[in-house]
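Undergrad: Shown below is the structure under consideration.
The values are calculated or read from the model by the stated rules, or taken from the named source; none is laboratory data. What you see is a predicted model, and the numbers here were worked out from it, not measured in a lab. Virtual Cβ from ideal backbone geometry, glycine too; neighbours counted across all protein chains shown. Accessible surface is based on the protein model in full, side chains and every heavy atom, while ligands, DNA and RNA are left aside. Shrake-Rupley method; radii C 1.70, N 1.55, O 1.52, S 1.80 Å.
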Amino acid sequence: MTKRNARNSHFVSLSLLFVLVTLIAGAVSAQERHERTLDEIKAEALKRAENGMYPVIGLDPADLREAFAAIKTSDKDEWAAAFIAVGDRYMAEGQSLEKSDPATANANYIRAWRIYSFGRWPVPSSPGKQRAYAKALEAFRAHAKFWDPPMEIVRIPFEGSEIIGYMRLPKNANGPVPLVIAVNGLDSRKEDLSESFSAILPYGIGFLAVDGPGTGQAPIKASPTADRMLSRVIDYVQTRPEVDKTRVAMHGVSWGAYWGTKLSIVERARLKAVSVQSPPTDKFFQVDFLTNSLLGNKEYLFDQVPAMMSIFEGVSTLDDLKALFPKMSLVYQDLLGKPTTPMLIIAGVLDTQVPISDIYLLLDKGDVPKTAWINPHGGHLGRQVKVWPDPVIFKEVIIPYLVRTLTPPS
């Protein structure tokens with residue numbers, strides 16, 4: 001063998017060794033990315049409840065401890081049953097007090113709703129969790145009966161089924177009013193958004209909250225064309241004489257922010273503005289981000305990827321999700337860069353669920369200036385524990401933007 005051939009052989013051997021080491025390191029890294037154990041979930045949920053963090057905002061840590069004491073395994077139905085048992089007690093107390101002490105009854109309904117909701121979290125993926133979700137709907141609607149102005153349950157015909165939404169309009173309005181269409185995320189629901197957006201009514205603005213495709217009571221699953229469901233919601237809003245058709249906005253949270261961003265392009269003519277929190281646009285949908293950032297993500301309490309798989313049409317395995325995900329990208333769909341409505345874009349630089357590069361990419365595209373609220377110390381949705389929790393961002397950032405955008409000049 002010549003010296004040159006020996007050098008080439010040595011180089012090839014080193015190259016193969018490097019590839020082998022890289023593959024082994026990648027395999028080890030993938031193995032290290034695991035979901036929290038049951039004990040870790042319990043400890044983390046309690047910590048979050050004590051600090052007012054999602055997804056247990058408003059839950060009493062004592063109620064969590066009571067439910068957790070009955071949960072010994074990772075069985076989904078066992079989880080649901082434990083929270084149903086706690087929620088049933090508050091639901092019964094609410095029903096017994098509804099006539100004699102309405103305020104206390106309402107407080108019990110709210111407590112039951114939140115407990116049942118955590119019993120079905122992140123998605124109702126078993127018979128027990130489906131039962132918890134049904135009870136959460138019942139408890140929320142019992143709570144909503146106390147609202148003034150009242151909440152209307154709207155049913156919008158759609159492709160042989162129906163879109164169910166919650167609408168509230170300002171009291172004693174003079175003429176048509178502006179309206180916000182609110183769309184939830186992967187694991188939140190229209191009930192959560194209705195509770196939050198009730199704060200916009202005193203400004204003379206109404207809202208219609210709906211579950212995004214694949215979540216809650218939505219009639220279709222998520223897919224590259226599922227935005228048609230939300231376009232149908234806009235069709236419906238246009239038929240309501242109480243609504244000012246020229247002042248309709250949309251707000252989306254996380255997955256809802258994806259739909260909000262897409263509709264800011266495809267429904268630009270019918271929406272006055274869109275506000276979105278942590279909208280996925282492109283990198284989020286790439287297989288490497290799914291594999292390296294979403295699987296076993298610790299910012300999410302548990303089961304983010306399994307929950308995501310459940311919302312998509314035609315997805316039953318991780319490989320199915322890997323095949324579909326890139327097609328959801330707004331770059332792949334040739335939409336990013338086209339004209340948009342005015343937008344408010346909220347995000348956190350430290351977000352591990354939606355890469356900040358997706359936010360910067362969105363800010364860089366389109367035809368009109370966008371308003372950005374980027375928290376350098378924030379995680380998903382811009383959250384920062386005890387500094388910028390969800391309710392503060394909603395009150396101090398989202399509501400003022402929508403009021404400013406939808407209120408006509410005096």
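Undergrad: Using the crude model of +1 on Lys and Arg Cβ and -1 on Asp and Glu Cβ, and no other charge, please compute the dipole size for the chain relative to its Cα centre, in debye to 20. The partial results should precede the final answer.
TA: Values: 47 positive and 45 negative charges, 172 e Å.
Around 820 debye, computed over the chain.
Undergrad: Now a separate question. Would you work out what percent of the accessible area of segment 287-398, with all protein chains in place, is carbon or sulfur (probe 1.4 Å)?
TA: Carbon-and-sulfur percentage of accessible area, whole number: 58.
Undergrad: Using Cα pairs closer than 8 Å and at least 6 residues apart in sequence, work out the relative contact order for segment 149-242, in percent.
TA: 29 percent
Undergrad: Can you give the accessible area of LYS327 in Å² (nearest 10), computed on protein heavy atoms with a 1.4 Å probe?
TA: Probe radius 1.4 Å; accessible area of LYS327 about 90 Å².
Undergrad: Using +1 at the C-beta of Lys and Arg and -1 at the C-beta of Asp and Glu, which of LEU336, GLN384, GLY366 has the Cα lying farthest in the positive direction of the dipole of segment 295-400?
TA: GLN384
Undergrad: Still on this model: Relative contact order of the chain, please, whole-number percent, based on alpha carbon pairs below 8 angstrom and at least 6 residues apart.
TA: Relative contact order comes out at 12 percent.
Undergrad: Right, here's the next one. What whole-number value in Å² describes the accessible area per residue of segment 96-209 for a 1.4 Å probe?
TA: Numbers: 4370 Å² over 114 residues.
Accessible area per residue, segment 96-209: 38 Å².
Undergrad: Sticking with this one: Could you tell me the center-to-center distance, by alpha carbons, between segment 29-93 and segment 303-320 in angstrom?
TA: Each part's Cα centre sits 22 Å from the other's.
Undergrad: Considering only DSSP beta bridges whose two residues both sit in the chain, what percent are antiparallel, to the nearest 5?
TA: 30 percent
Undergrad: Keeping all protein chains in place and using 1.4 angstrom, which order do GLU159, GLU35 fall into by accessible surface area, from largest down?
TA: GLU159, GLU35
Undergrad: Structure shown: which of LYS135/LYS298; LYS72/LYS129; LYS171/LYS395; LYS135/LYS221 lie over 25 Å apart, alpha-carbon to alpha-carbon?
TA: LYS135/LYS298
Undergrad: Would you mind checking the radius of gyration and Dmax of the chain based on alpha-carbon positions, in Å?
TA: That works out to 23.3, 99 Å for Rg and Dmax.
Undergrad: Right, here's the next one. Whole Å is fine, so just give me how far the alpha carbon centre of segment 380-410 lies from that of segment 148-223.
TA: About 18 Å separates the Cα centre of segment 380-410 from the one of segment 148-223.
Undergrad: In segment 312-410, if the dipole is taken from +1 on Lys/Arg beta carbons and -1 on Asp/Glu beta carbons about the Cα centre, which of VAL349, THR407, ALA323 is farthest to the positive end?
TA: Result: THR407, furthest along the dipole toward the positive end.
Undergrad: Next question, about the same structure. Where the only charges are on Cβ atoms (+1 Lys, Arg; -1 Asp, Glu), what is the dipole of segment 94-201 about its Cα centre, to the nearest 20 debye? Could you put the intermediate results ahead of the total?
TA: Working: 14 positive and 11 negative charges, 50 e Å.
It works out to roughly 240 debye.
Undergrad: Quick one: compute a quarter of the convex hull surface over the Cα atoms of segment 231-282 and quote it in nm².
TA: Projected over every direction and averaged, the Cα hull of segment 231-282 covers 3.5 nm².
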